[in-house]
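Only one structure is covered here, and it is reproduced in the block below.
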Amino acid sequence: MKRVVIVGSGLAGLSAGYRLHEQGCHVTVFESLGRVGGRVLSESENGFLFDVGPTIVTDNYTEYMKLVRDLGLSDKLVDCAPEVAVVKGSELHILNTRKPLRSFLTTKLLPPLAKLQLIARGVRLIKPLYGMNPYDLTNHVQYDTESIEAYIDRVFGRELNDLILDGVTRSMVTSSPDEASVVGFLAGAVTASGKMQTLKGGLQLVPTKLAEKLDMRLSSPVTKVRNTDSGVEIHYQSNSGGPGCERADACVIATPLRAAVEMYKPLKEIGADLLSSSKDSGCCSLQLMYSRRTEKEPFLVMVPKAASLEISTLFLEHIKAPDRAPAGTSLITAFFTNQRDIDFTTWSDDRLTGIARELIERLFPELHDHYLGTHLTRWSYAASQADVGYYKALQRFLDDYPANAPVQMAGDYMALPSQESAIAAGSRAATRILAA
C-alpha cells in the first residue's frame with residue numbers, strides 16, 4: 001500500500017487525499033491550523049451563518065460537483081437568486097441572469113448608444129474566449145500581455161469601462177484591474193456564465209466531509225519536506241509541541257506557493273520564475289447584520305471604484321440562501337480586497353465597519369437604524385495575485401515540473417483562483433502520484 005502525506009487541508013489537499021484514499025493509498029494529512037478547510041470557512045452567530053471565505057460556487061464547477069455527489073451532499077445544493085446588481089452613484093441597477101437579454105435591453109445603467117457599442121465591441125471577445133478552460137489555461141497564456149483595465153479600455157473604451165465593466169471586473173479578480181492580467185478576466189467571464197449556487201449549512205461542509213474520511217493531524221505545521229533514497233521525509237511540529245518526522249512514498253504540498261517554497265528546497269529553483277511573478281493578496285471579509293430585510297433583492301452587488309474605492313463586492317447572504325439569516329433580517333458581506341499600497345487587513349475594525357455601513361446604507365437606506373453588528377475575518381492570504389506575466393510564468397512552471405516526482409504541488413494558484421481550481425489541482429496531483 002502506497003503511503004502518501006498531504007501538507008495542507010484546504011480543498012486542494014483534501015481532494016488529493018480523498019482521490020488517493022479511494023485508490024487504496026494510506027493517506028495522512030498535516031494541517032498547521034486547528035481546523036480543516038483552508039480559506040473555505042463557515043461560522044455562525046446568533047442565528048446568522050457566515051461564509052467568510054468563498055461564498056458561492058457555480059454549476060460549471062465540474063470537479064466540485066463530482067465531489068458533492070460523492071459525498072452525498074447533492075441535496076444541500078441551492079440555487080442563488082437570479083438577480084445581480086451594478087452600482088451607479090447611489091443607485092442599484094438590477095440585472096436578471098435568467099433573462100439576460102431582456103435585462104440588458106431594459107436597464108437604465110447604460111444609455112442606448114452605449115448598449116449598442118457594448119454589443120458591437122463585445123464580438124471581439126469571441127476569439128479569446130473560444131475554448132477557454134479557466135482551470136487549464138494552457139492555450140490562452142498568449143493573452144497574458146496586458147492588464148484588465150488596459151484591455152477593456154482598448155476593446156470597449158473608457159466610457160463603457162467606467163459605466164459597467166469596472167464593477168464587473170473588480171468582482172472577478174483578487175487585485176486591482178490596472179494590475180491584474182486580462183487572462184483572469186477572460187477566465188472569470190467563462191466561470192460567471194454558470195448558474196450560481198451554494199450549500200445549505202455553509203460551504204465548509206465539503207472540506208469537513210472530506211476530512212472525515214482521512215487521517216488528519218491538526219495543529220501540526222510541516223517545517224520541511226525532503227527527498228531521500230527510500231522515499232520522502234516530512235518534518236513537522238506535533239500538536240503536543242515536539243518535532244516529528246513522517247516517512248512516505250509520496251507527498252502532495254497543497255499550501256500557498258511561498259509556504260511550499262520554504263518547506264521544499266527544490267522549489268526554490270524550479271519555482272523561482274513563478275515566485276518572482278506572483279504576489280500574495282490579502283482581503284477582509286466583513287459580514288454586517290441588520291434587523292430589517294432589504295427591499296431590493298440582488299444576491300450580488302458589483303461595486304465600481306466610482307462608488308467605493310475600498311469595497312469591490314457585496315453579497316446579500318439572506319438572498320443567497322434561506323439559512324444564512326433569521327426571517328426578516330439582512331446579512332450582507334462586504335469584501336475589501338487589498339490594493340496597491342493598501343493593506344486592508346491592517347485597518348481597524350471601526351474603520352472597515354464605517355466604510356461598509358456607509359455604502360450599504362446608501363444603497364439600502366431602509367437599513368439605516370437597523371444595524372445589529374459585524375463579523376470580521378482578516379485573510380493575510382486570500383489568493384495569489386495574478387498580475388500581467390503571471391500566467392506565462394505559471395505555464396512554464398507546470399511544463400517544467402516533473403510529472404513523476406514523488407513530491408507534487410497542488411493549489412488554486414495553478415489557474416484562476418477558485419474552489420474548482422483547487423480541487424482540479426489536487427486531483428491532478430493525485431493522478432500523477434498514482435501513475436508514478
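The values are calculated or read from the model by the stated rules, or taken from the named source; none is laboratory data. None of these values were measured; they are calculated from a predicted model. Backbone-built Cβ (ideal geometry, glycine too); neighbour counts: all protein chains shown.
What to note about this one:
- Taking first residues from the stretch 237-248 that are part of a strand (DSSP E or B) and partners that are hydroxyl-bearing (Ser, Thr, Tyr), the Cβ contacts under 6 Å between residues at least 6 apart in sequence or on separate chains come to Gly244/Tyr236; Gly244/Ser238.
- The residues in the stretch 54-67 that are surrounded by fewer than 21 Cβ atoms within 10 Å (Cβ to Cβ), touching a strand residue (DSSP E or B) at 6+ places or on another chain (Cβ under 9 Å) and in a helix (DSSP H, G or I) can be counted, and the count is 1.
- Restricting attention to the stretch 73-82, the residues being assigned to a loop (DSSP other than H, G, I, E, B), in contact (Cβ under 8 Å) with a residue 40 or more places away in the chain and not aliphatic (A, V, I, L, M) number 1.
- If you go through the stretch 162-193 and keep only what is modelled with pLDDT under 85, within 26 Å of Gln395 (Cα to Cα) and touching a Phe, Trp or Tyr at 6+ places or on another chain (Cβ under 8 Å), you end up with Thr169, Met172, Val173.
- Selected residue (criterion: nearest to the chain's Cα centre (by Cα)) from residues of the stretch 175-213 that are of a type in the set (Ser, Thr, Tyr) and crowded, with 22+ Cβ neighbours inside 10 Å: Ser175
- Looking across the stretch 11-38, just one residue is in contact with a helix residue (DSSP H, G or I) (Cβ under 6 Å, 6 or more places away or on another chain), of a type outside the set (Val, Ile, Thr), part of a loop (DSSP other than H, G, I, E, B) and crowded, with 19+ Cβ neighbours inside 10 Å, and that is Gly37.
- Under the condition of being among the hydrophobic types (A, V, I, L, M, F, W, C) and touching a Gly at 6+ places or on another chain (Cβ under 6 Å), the residues counted in the stretch 366-396 number 3.
- Counting only strands (runs of 3 or more DSSP E) wholly contained in the stretch 264-321, the ones carrying 2 or more residues that are charged (D, E, K, R) and out of contact with any Cys (no Cβ under 7 Å at 6 or more places or on another chain) occupy 279-290.
- In the stretch 107-131, the qualifying residues are those that are over 20 Å from Ser193 (Cα atoms) and in a helix (DSSP H, G or I), and the one that is modelled with the lowest pLDDT is Ala114.
- A Cβ distance below 8 Å, combined with a sequence gap of six or more or placement on separate chains, defines the contacts here; from the stretch 151-163, residues that are farther than 10 Å from Ala114 by Cβ reach residues that are hydroxyl-bearing (Ser, Thr, Tyr) in the pairs Ile152/Thr169.
- All of Lys296, Lys305, Lys279, Lys268 fail the test of being under 20 Å from the mean Cα position of the chain (by Cα) and among the basic types (Lys, Arg), apart from Lys279.
- Condition met for Thr255 (crowded, with 17+ Cβ neighbours inside 10 Å, without any contact (Cβ under 8 Å) to a residue 40 or more places away in the chain, among the polar types (S, T, N, Q) and under 30 Å from Asp144 (Cα atoms)): no
- Condition met for Ser277 (under 19 Å from Val36 (Cβ atoms) and out of contact with any Asp or Glu (no Cβ under 6 Å at 6 or more places or on another chain)): no
- Looking only at the stretch 136-157, and only at residues there that are among the hydroxyl-bearing types (Ser, Thr, Tyr) and in a helix (DSSP H, G or I), the one that is surrounded by the fewest Cβ atoms within 10 Å (Cβ to Cβ): Thr138
- Some residue of the stretch 260-272 being surrounded by fewer than 17 Cβ atoms within 10 Å (Cβ to Cβ) and under 30 Å from Leu376 (Cβ atoms): yes
- Just so you know, in the stretch 233-252 the residues that are surrounded by 21 or more Cβ atoms within 10 Å (Cβ to Cβ) and within 20 Å of Ser15 (Cβ to Cβ) include one that is farthest from the chain's Cα centre (by Cα), and it is Ala248.
- For the stretch 40-53, the tally of residues that are surrounded by 22 or more Cβ atoms within 10 Å (Cβ to Cβ) and either among the basic types (Lys, Arg) or out of contact with any strand residue (DSSP E or B) (no Cβ under 7 Å at 6 or more places or on another chain) (or both) stands at 1.
- Count of the stretch 94-106 residues, restricted to those that are surrounded by 13 or more Cβ atoms within 10 Å (Cβ to Cβ), part of a helix (DSSP H, G or I) and of a type in the set (Ser, Thr, Tyr), is 1.
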